[in-house]
Amino acid sequence: MAFFIGRRVLLLPFQALGVVTIVFVLVHLLPGDPAALMAGPMATASQIAQIRTTLGLTQPLPVQYVRYVNRLLHGDLGTSWYTSNPVATDLAQRAPATLELITLALLGIVCLGLVIAGIIAMRPRGLPGHLIAAYGFVAGALPDFWVGLALIFLVYTRAHLGPSPTGQLSSHAAVPTVTGIATIDALLAGDLGAFNDAVKHLVLPVATLVFIYMGPVVRITGAAAVRSLHSEFSRFAQSWGIAPWRRRYYALRHVMPTFVVAVASAYGYLLGGAVLVETVFSWGGFGQYAVQAVTHSDYAAIEGFVIVAGIFTVLVYTLADVLQMALDPRARR
């Protein structure tokens with residue numbers, strides 16, 4: 001395990017460099033001139049040329065790449081021309097809100113996914129199994145932003161339940177920002193009313209993400225659980241008279257490495273799914289920032305978001321590999 005973890009850790013810088021290289025090349029292939037966008041529609045050709053020189057866009061592409069990597073090593077992701085702030089500062093301010101949203105959604109996926117996988121394993125051909133299979137296909141076909149809008153229409157507009165889906169807190173429940181996570185900030189301020197309001201604001205966006213991204217986890221884990229229950233070791237346990245509940249426990253334990261991989265994949269997808277869901281609910285996190293950057297052709301912000309999202313995904317998959325190795329003795333051998 002120590003050798004495997006050490007090897008994975010040593011690979012992380014090279015994986016991160018690969019993400020940075022791909023992002024740098026793709027962004028430079030985008031149409032448009034960043035200098036012209038920054039200068040504005042009334043700028044003269046000489047002003048645009050001056051901005052291009054200041055940004056280093058007149059230098060050869062390899063030189064720009066080396067300078068860019070050097071800036072990244074010093075924590076400089078560039079400056080957003082739309083917000084006029086360093087991109088690293090913008091992302092740091094918005095990261096807690098996104099991490100709260102996708103982490104709570106992941107916890108919901110884990111808890112519900114295990115329960116639903118157990119139901120499928122007990123009665124794979126029963127009515128619950130068919131309904132869950134149908135849900136998996138439906139969830140995979142629906143766009144996440146459409147589900148969010150449908151929940152807003154049904155729950156807030158029609159049923160008049162919950163607060164207005166605009167941000168993490170209502171305007172009357174503002175608390176001092178300490179961590180950037182509204183629920184924790186409300187508890188730190190000792191304001192239970194604001195905490196209750198923050199929890200209510202979480203319900204719809206978290207439910208949207210859970211509904212969409214739990215489908216693949218349920219399908220993969222349920223199918224693996226059914227295969228495990230019909231495997232040779234399960235039939236051998238049945239022939240020895242082992243209780244059914246214990247056989248199901250063994251089967252689910254056998255499925256855990258597959259479940260970890262499915263959940264890790266879902267966590268990576270949640271960050272991408274949060275882009276549009278945050279925009280629908282005006283959440284103020286990574287996703288909404290990325291949409292604003294694309295809308296305003298803010299190349300530095302786009303690069304910063306994609307690089308951070310890529311490195312986050314690499315770290316998640318690395319942790320999943322380590323957990324899978326720890327759970328599966330066959331992988332260690």
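Across the range 110-219, the fraction of Cα-Cα pairs farther apart than 21 Å, rounded to a whole number, is 51%.
Could you state the angle between the C-alpha long axis of helix 127-141 and the longest principal axis of the C-alpha atoms of the chain, as a value from 0 to 90 degrees rounded to the nearest 10? Helix 127-141 sits roughly 10 degrees off the main axis of the chain. If one takes the longest principal axis of the Cα atoms in the chain, at what angle in degrees, from 0 to 90 and to the nearest 10, does the Cα axis of helix 87-122 lie? Value to nearest ten degrees: 20. Across all Cα pairs in the range 231-288, the calculated P(r) in 5 Å bins from zero up to the longest distance comes to 4, 16, 15, 11, 10, 9, 7, 8, 7, 7, 4, 1 percent per bin.
The translational diffusion coefficient of the range 178-275, from Stokes-Einstein at 20 °C and 1.002 mPa s with a Kirkwood hydrodynamic radius over alpha carbon pairs, comes to 130 µm²/s.
For the range 77-145, what is the Kirkwood estimate of the hydrodynamic radius, computed as the reciprocal of the mean inverse distance between distinct Cα atoms, to one decimal in Å?
Details: mean 1/r = 0.0650 Å⁻¹.
Across the range 77-145, the inverse of the average 1/r is 15.4 Å.
Electrostatic bookkeeping for A173 treats Lys and Arg as +1 and Asp and Glu as -1; over the other residues with beta carbon under 12 Å from its beta carbon, the sum is -2.
The shape of the range 93-332 can be summarised by an equivalent ellipsoid whose semi-axes, obtained from the alpha carbon gyration tensor, come to 37, 21, 17 Å from longest to shortest.
Each eigenvalue of the Cα gyration tensor of the range 10-113, multiplied by 5 and square-rooted, gives one semi-axis; in descending order these are 33, 19, 12 Å.
Using every pair of distinct Cα positions in the range 43-166, the Kirkwood expression returns a hydrodynamic radius of 20.2 angstrom.
Other residues within the sphere of radius under 13 Å centred on the Cβ of T258, judged by their own Cβ, net out at +3 (K and R +1, D and E -1).
No lab work stands behind these numbers, since they all come straight from the coordinates. Please read all numbers here as calculations on a predicted model, not as lab measurements. Here the Cβ is made from the backbone with ideal geometry for all residues, glycine too, and neighbour counts use every protein chain on show.
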